[in-house]
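This report concerns only the one structure given below.
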Amino acid sequence: MPPVSVELKKQIKAANDIVDVVATYLPVSAAGKVFKAVCPFHNDHRPSLQLDRHFQNFRCWACEAKGDVFDFVMRFDKVEFPEALRMLADRAGIALDATANPQDELKSRLLRVMKWAETTYQQCLLEEPVAATARTYLGDRKLSGTSVRQFGLGFAPLPGDWLVKVAAEQRIPFELLAEVGLIAPRDEDRGYFDRFRDRVMFPIRDVRGQTVGFGGRILPDSPYAARGPKYYNSAETPLFHKSELIYGLDLARHPASAAGHIAVVEGYTDVMMAHQCGVANVVATMGTALTLTHVTQLRRYAPRVVLVYDADAGGMNGVDRALELFVSQDVELAVATLPDGLDPCDLLIRPGGVDVFTAALRTAQDALEFKLNLLWEKESGNSSVESMRRIVDAILGVMALAPPVPSQAGQMRQELIVTRVAHRLGLRQERVWARLAELKAERRSKEQQRMTEERRAEPRPPATPASRSASGQQVIERQLLELLLAEPALVPDAYATVPPETLTHTGLRRMLDELYALHAAGESPDLDALRVRLIDRPDLAESALRLQEVGRSMTERPAWLGRIIDAFARMVEEAAKSDVKREMASATDDDTALALLKRLQGGGK
Ligand SMILES: [Zn+2]
């Protein structure tokens, strides 16, 4: 975002009256010259929050919260200043200077085209005869018209050029629609075709409620049902990062704050049905397991995250990931199971289902307890030394894999887990600690062994000026992966310019290879897909998580990538030059040396 002038800030503040803005969040009542509301920042029972139109500020007499309209939005929506500014600018219809930053300009163009597509698909679903089957499908799933409107559902009809035609009529640029992955160019310049056909369209919104992507579900009776995936997403763009987004979070975050916990289910319709039934603190990931990025976001709204575990659909993997996060992060993570292997949608429409669902969320077991119970079941209550050892190792193995946690909270978490495992299995705590130390040592020595082997297998870098900057090169290699993991939409750029063999670090090179392979296979080169491919290298899968975290804190990632690509180009050139210099030094006749000198001066090979 470009720097915002004091003038513009004033203008945005002036256009957002504090009483009007607060009234969009809370009931506000007039009290003489001022206005009052129940304070959302402490457990208030009478209206302690005072709003003053004259001074354009708020103040709570009980908890001392105070500030202007920006402060209110920042505190209530848990956002930083730039986001609060943008929200209020949007609200007032003031354009933040987008032309100053081409990246922002692109983003707002993408947002506009997404909004257009959402409206277009929705109109089709609600009004067009071609959408009759889709309407029946949603009706069969007991989703109400109100829910369909609230979540902005739409329909992409069967003909392969429906959206292309509507876009042409309304003069929507094809390039933009192609960029967000809703249409694609045909071969040999023969126009464009729709990428979503015969699918119910679920807008995927960011935390502010702006549509940034679509998930399309094929109709069950579609002629395409057998050929394509059941769900299909629009493209990764600067707006849409599948591995970061959380479906329904825009609607669930305030109810989650109030409830103190937020539930994560698997399907879009599960989220919709929960909201329709009045359980609004429910979200879903985009068909991926819960990641650190998800948990970091969710924790902003509620201290407790409840994973609703689906016994059938490979949910086990999700539970293991949840346990990993539980071990290494300071977050309360619990796992809820629904009766009879039902998914939330089917349970909620049963008589009394809502109560069963909310009870399951309330009584969810924390991730460790859940895993312990599963392991216990697997050993069918057999308390032999061997089965105890298997259980202990399964739990401690995850702990040993987790990144070292030097923080006090992390240490307390470890102690808590060891105490509980020991208690549950009737073992002495010292034994459990000792086994954990053993596993950690095993892991370290395996890592060292692998590193030594890799170093041996690695051709030594030439002793040339290039090797002096070897550590500098590894910094750049690491930054490349940080950027690509944080923003998978950048992978095609790197793919076109940075060959994997230019990377000297074997671990980073492996990650880059896999990202390129995903991209080449037409899959999204995101962190979750990468982790699946790194199944043989849990250490790399772990570092990928950390690299992504760092990358996500970098701003202006496309510009960064540009600089890194330049740096790689320079390094390749340097390396070529030093090769020539070495050849020259060992050249036995003048002619060869002269030819080499010419190559060097030519700057190329
Ligand atoms: Zn207060």
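The values are calculated or read from the model by the stated rules, or taken from the named source; none is laboratory data. Everything quoted here is computed from the prediction, not taken from an experiment. For neighbour counting, all protein chains shown are included, and Cβ atoms are generated from backbone atoms with ideal geometry for every residue, glycine included. In case anyone asks, the SASA skips ligands and DNA or RNA and just uses the protein heavy atoms, side chains included. Shrake-Rupley method; radii C 1.70, N 1.55, O 1.52, S 1.80 Å.
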Residues within the stretch 43-60 that are within 12 Å of the ligand (Cβ to nearest atom) and either surrounded by 14 or more Cβ atoms within 10 Å (Cβ to Cβ) or part of a strand (DSSP E or B) (or both), tallied
8
Could you say which residue among V19, V38, V34, V28 is open to solvent by 60 Å² or more (accessible area, probe 1.4 Å) and either within 15 Å of the ligand (Cβ to nearest atom) or not basic (K, R) (or both)?
V38
With D140, D104 as the choices, which residue is out of contact with any Lys or Arg (no Cβ under 6 Å at 6 or more places or on another chain) and touching a residue at least 12 places away in the same chain (Cβ under 8 Å)?
D104
Restricting the search to the stretch 137-164, which residues are surrounded by 15 or more Cβ atoms within 10 Å (Cβ to Cβ), under 25 Å from the mean Cα position of the chain (by Cα) and not in a loop (DSSP other than H, G, I, E, B)?
S147, V148, G154
Residue under evaluation A494, criteria (1) more than 24 Å from G287 (Cα to Cα); (2) surrounded by fewer than 21 Cβ atoms within 10 Å (Cβ to Cβ); (3) modelled with pLDDT of 80 or more, criterion not met:
(2)
The correct count of residues that are outside any loop (DSSP other than H, G, I, E, B) and surrounded by 10 or more Cβ atoms within 10 Å (Cβ to Cβ) in the stretch 371-385 is 7
Long-range neighbours under 6 Å by Cβ, at least six apart or interchain, first residue more than 16 Å from A521 (Cβ to Cβ) within the stretch 479-501, second of a type in the set (S, T, Y)
A489/T237
Let me spell it out: the conditions are (1) buried (at least 20 other Cβ atoms within 10 Å of the Cβ); (2) assigned to a helix (DSSP H, G or I), and R546 meets all of them except one. Which number is the exception?
(1)
Can you spot a residue in the stretch 554-570 that is open to solvent by less than 60 Å² (accessible area, probe 1.4 Å) and touching a Phe, Trp or Tyr at 6+ places or on another chain (Cβ under 8 Å)?
yes
Return a yes/no flag: does the stretch 102-122 have any residue that is part of a loop (DSSP other than H, G, I, E, B) and either among the small types (G, A, S) or within 22 Å of E236 (Cα to Cα) (or both).
no
Going by the structure shown, is E118 open to solvent by 20 Å² or more (accessible area, probe 1.4 Å) and among the acidic types (D, E)?
no
